[in-house]
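In what follows, a single structure is set out as structure tokens and then discussed.
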Amino acid sequence: MRTALQAPAAFQGALVEWFAAEGRDHPWRRTTDPYAVLVSELMLQQTTIAMVRERRYFERWMDAFPDVQTLASAGEESLLKLWEGLGYYNRARNLQKAARIIVAEHGGVFPRRLEDILALPGVGRYTAGAVASFAYDDPAPLVDGNVARVFARLFDFDAEIDSPAAIRQLWSWAEALLPQRDARRYNSALMELGQRVCTTGRPACLLCPVKAHCTTTRAEELPRKKPKAGPVLVTEDVLLARQNGRLLLSATTGTRRLGMWQLPPLHGRPAGREVWRGKYAITKHRVTLTLFEPAQTVVLQDGERWFTLAEIEALPMPSPFRRALEAALSPTPEAG
Ligand code: SF4
């Protein structure tokens, strides 16, 4: 393992030059509005660029909530609806909490100091660095999964990169290599190198603009991570209850999906015919979701209501339930 690059300026130059010629154009790269940058960064946590772009999540959010004032005063249901399909809904709630703090404590002006950005809900060290560098072009370092992978290979670093000591080392490289000028372009370039060239699995070393600076001979084995525990298997049995063209839904409970609507759990009610079964994954859980017709007249429980299909279309609903409902109600339901 090496601890420093021999020619950091040449590394920075090669990276930025490559990015100027090859960098992708994304909607969030056309703005330096720190609020818009924060929106894109929270969206892109846990979600791929392709998904955010294909379904225009960023553009639709910015059309609906173009500034912190609009977001601060929006109803929670409207923001959850716009986030539907991205999962991890606390990110949307945190965005609204951040907007409210900016309105209440910063006079509606997005903070400039790194400590103030870092104090916003949902903002960790990476996100604060992204906002400070992408919006303000401030020399703020950042390390995300892509950058960690690039550094692990660049320095032939074989520690488990999710250990506290390795995280400190990665951040210290990020600080040491960061140029004092043009941090926006440099940080974007570093992340994009990890996304498109120094990828997981087999990196495209022959096309790599910083190949001359890279010290590893075992790129495909790096980075190393702590072994993960196996998935937790869960079953989720719910009712597909219909009445006069309406469907029964229940308000979700628990913090993760709070404020959304889903098919109601059986809650001890007898299940009739199974109408659909499918699987989905959420964090470490592998869930088998089964929809049953009710075996007898449904007695409503707390938080349950009948909705028309048009009303359901407009409600925020976790995407596994949305997909299950669409499949179960389609003329030729397919098992998922
Ligand atoms: Fe990654 Fe290969 Fe470039 Fe090294 S040469 S930084 S391993 S893509």
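The values are calculated or read from the model by the stated rules, or taken from the named source; none is laboratory data. What you see is a predicted model; the values in this text were computed from it and never measured. Counting neighbours? That spans all protein chains shown, and the Cβs are built from the backbone with ideal geometry, glycine included.
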Filtering segment 153-181 down to residues that are touching a residue at least 60 places away in the same chain (Cβ under 8 Å) and of a type outside the set (F, W, Y) yields R153, L154, D156, D158, A159, E160, I161, D162, S163, A176, L177, P179
Enumeration of residues in segment 1-22 that are surrounded by fewer than 16 Cβ atoms within 10 Å (Cβ to Cβ) and either part of a helix (DSSP H, G or I) or in contact with a helix residue (DSSP H, G or I) (Cβ under 6 Å, 6 or more places away or on another chain) (or both)
P8, A9, A10, G13, E17, A20, A21, E22
Scan segment 294-304 and give yes if some residue there is in contact with an Asp or Glu (Cβ under 7 Å, 6 or more places away or on another chain) and touching a residue at least 12 places away in the same chain (Cβ under 8 Å), otherwise no.
no
Pick from segment 282-300, criterion modelled with pLDDT of 95 or more and among the hydroxyl-bearing types (S, T, Y), ranking: farthest from Q46 (Cα to Cα)
T290
Looking at R168, R224, can you tell me which residue is within 27 Å of the chain's Cα centre (by Cα) and under 18 Å from G129 (Cα atoms)?
R168
Tally of residues being assigned to a helix (DSSP H, G or I) and surrounded by 14 or more Cβ atoms within 10 Å (Cβ to Cβ) across segment 314-336:
9
Odd one out for R202 among (1) farther than 17 Å from P8 by Cα; (2) in contact with an Asp or Glu (Cβ under 9 Å, 6 or more places away or on another chain); (3) modelled with pLDDT of 95 or more
(3)
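State which residue is farthest from the ligand (Cβ to nearest atom) when the search covers only segment 157-171 and only residues that are part of a helix (DSSP H, G or I) and of a type in the set (A, V, I, L, M, F, W, C).
The selected residue is A165.
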Within segment 236-261, tally of residues that are within 23 Å of the chain's Cα centre (by Cα) and either free of Cβ contacts under 8 Å to residues at least 12 places away in the same chain or in a strand (DSSP E or B) (or both):
2
State which residue is surrounded by the fewest Cβ atoms within 10 Å (Cβ to Cβ) when the search covers only segment 182-235 and only residues that are small (G, A, S), within 9 Å of the ligand (Cβ to nearest atom) and in contact (Cβ under 8 Å) with a residue 40 or more places away in the chain.
A212
Selection count where residues are within 30 Å of A4 (Cβ to Cβ) and among the acidic types (D, E), scope segment 207-256:
2
For residues in segment 82-96 being surrounded by fewer than 20 Cβ atoms within 10 Å (Cβ to Cβ) and closer than 16 Å to R323 by Cβ, which is modelled with the lowest pLDDT?
G87
If you check V147, V68, V131, which single one turns out to be within 29 Å of R185 (Cα to Cα), within 16 Å of the ligand (Cβ to nearest atom) and either crowded, with 21+ Cβ neighbours inside 10 Å or not hydrophobic (A, V, I, L, M, F, W, C) (or both)?
V147
When you scan segment 300-313, do you find a residue that is polar (S, T, N, Q), over 30 Å from R91 (Cβ atoms), part of a loop (DSSP other than H, G, I, E, B) and in contact with a Lys or Arg (Cβ under 9 Å, 6 or more places away or on another chain), even just one?
no
Out of (1) outside any loop (DSSP other than H, G, I, E, B); (2) within 13 Å of the ligand (Cβ to nearest atom), what's the single condition that is false for A174?
(2)
Across segment 262-292, which residue is surrounded by the most Cβ atoms within 10 Å (Cβ to Cβ) among those that are in contact (Cβ under 8 Å) with a residue 40 or more places away in the chain and charged (D, E, K, R)?
R277
